[in-house]
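The values are calculated or read from the model by the stated rules, or taken from the named source; none is laboratory data. Quick caveat, the model's predicted, so the values are computed rather than measured. Note that we place each Cβ from the backbone using ideal geometry, even for glycine, and neighbour counts take in every protein chain shown. Just the protein is used for accessible areas: all its heavy atoms, side chains included, with ligands, DNA and RNA removed. Shrake-Rupley method; radii C 1.70, N 1.55, O 1.52, S 1.80 Å.
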Amino acid sequence: MLWSVPLVAAVTREVKSIPSDPKESLMDGGFVVPDANSFGHTFRDYNAESERQKTVEEFYRMNHIHQTCDFVKRMREQYGKLDRVEMSIWECIELLNEFVDESDPDLDEPQIEHLLQTAEAIRKDYPEEDWLHLTGLIHDLGKVLLHPSFGQLPQWAVVGDTFPVGCAFDECNVHHKYFEENPDHLDPKYNTKLGVYSEGCGLENVLMSWGHDDYMYLVAKGNKTSLPLAGLFIIRYHSFYPLHKHGAYQYLMNEEDKENLKWLHVFNKYDLYSKSKVRIDVEKVKPYYLSLIEKVCMSI
Ligand SMILES: O[C@H]1[C@H](O)[C@@H](O)[C@H](O)[C@@H](O)[C@H]1O
Ligand SMILES: [Fe+2]
Ligand SMILES: [Fe+2]
């Protein structure tokens, strides 16, 4: 194996607010969704010719070939042990400074910018929902898997959109054609609409392609986080664009998933559209986030 068994130990204690339904309208109209990303293209345009296009496409080629049911099971088992490194949340955030996400057509800034841009945009519109600010701050922290301390996994095993394995790959997945080379694609156990699952089984029972979402979820859960369930759901499925953007795979959801999806839709707006070249003054906002981490988290 290329990587060693990592671990992170995390997280949280009391979180005050238990979310109900997201509010429908925001006081000042809220966050304005920009028309174009930093490169002048619409967001998530995977075919637009840009300096990032080739890197991103090659990323998805590797991702789609290698993310199989067996691979995911192996990763969940290894990384679920949480038995290697112990680090504070802020240390992890700083660790991400050196990485640029190869799957992302909209951002080539270091990840720390993205985490703070997301959290700050949420905080402005939802000042009371501190659990959601924290969720914004940590949602991509699982990308520490790229770092040697956490096993230095290749990008295709850490970032990018996620999708269920163990059933047919839906066509709305980005660069879908590369699944043709995925061994599961030819396996009759796995290549039907339901595959190994049953209608309405709940996402909890579905194996998702391995990456930073599921890893961070395992970390938070393994550390008995007190983040509300909606926060955990956001962390775990924020890259599942086929579902939350395109409505694919809905037949795998149960009632609880449908409730949680409402908050994921809110979150996604900030996660995606806050990506910009406008830098956050890290030192200025750091005290707020440190106090939040102190209040709701211990260490990752
Ligand atoms: O390129 C992006 C990036 O890796 C994000 O962190 C992930 O959540 C998205 O789903 C993906 O498309
Ligand atoms: Fe992400
Ligand atoms: Fe993100």
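Here are some notes:
- Student exercise, the chain dipole from Lys, Arg, Asp, Glu Cβ charges, in Debye to nearest 20: 560
- The chain: C-alpha gyration tensor shape, a/c 1.5 cut-off, then a/b vs b/c: rounded
- Available extension along the chain between residue 295 and residue 262 is 9.3 nm, counting 0.36 nm per residue and deducting the alpha carbon span.
- Accessible area, probe 1.4 Å, largest first, for residues 147, 246: 246, 147
- Helix 255-273 vs. the chain, principal-axis angle (Cα, 0 to 90°, nearest 10): 70
- Full-extension gain in nm, residue 21 to residue 201, via 0.36 nm per residue minus C-alpha separation: 62.5 nm
- Scalar couplings 3J(HN,Hα) for region 85-98, obtained by applying the Karplus form with A = 6.51, B = -1.76, C = 1.60 to θ = phi - 60°, are 9, 10, 8, 6, 4, 5, 4, 5, 4, 5, 4, 6, 3, 8 Hz; x denotes Gly and Pro.
- Taking amide H positions as modeled 1.01 Å from N, with prolines and chain starts lacking one, no residue 5 or more places away or on another chain lies under 5 Å from residue 86.
- Here the relative contact order of region 66-177, from alpha carbon pairs under 8 Å that lie six or more residues apart, stands at 25 percent.
- Region 24-140: C-alpha gyration tensor shape, a/c 1.5 cut-off, then a/b vs b/c: oblate
- Label-point gap, in nm, between residue 81 and residue 58 - each point 7 angstrom along Cα→Cβ: 3.3
- Considering only 219, 266, 159, the mean-square fluctuation computed in a Gaussian network model of the chain, springs between alpha carbons under 10 angstrom, is largest for 266.
- Helix 212-222 axis versus longest C-alpha principal axis of the chain: approximately 70°, rounded to the nearest ten.
- Taking every alpha-carbon pair under 8 Å whose residues sit at least 6 apart, region 136-252 reaches a relative contact order of 34 percent.
- Percent RCO, i.e. relative contact order, over the chain, from Cα pairs under 8 Å lying at least 6 residues apart: 32
- Taking 102, 91, 51 in turn, the Gaussian network model of the chain (Cα-Cα springs below 10 Å) assigns the largest fluctuation to 51.
- Take the Cα of residue 246, go 7 Å toward its beta carbon, and the backbone nitrogen atoms of region 159-179 under 14 Å from that spot belong to 161-165, 168-179.
- Across 77, 94, the residue with the most accessible area heads the list, and the full order at a 1.4 Å probe is 77, 94.
- Prolate/oblate/rounded call for region 149-282, Cα gyration tensor, a/c under 1.5 rounded: prolate
- Computed from Cα atoms, the angle from the helix 282-296 axis to the main principal axis of the chain rounds to 80 degrees.
- Per residue, the chain exposes 43 Å² of accessible surface when a 1.4 Å probe is rolled over the protein heavy atoms with every protein chain present.
- Helices in the chain, meaning DSSP H runs of at least 4 residues, each add -39500 (n - 2.57). Divided by all residues, the mean residue ellipticity at 222 nm is -11500 deg cm²/dmol.
- Set of region 255-280 residues, backbone N closer than 19 Å to the point 7 Å along the Cα-Cβ line of residue 45: 272-277
- Area of residue 236 that stays accessible when all protein chains are in place (1.4 Å probe, Å², to 10): 20
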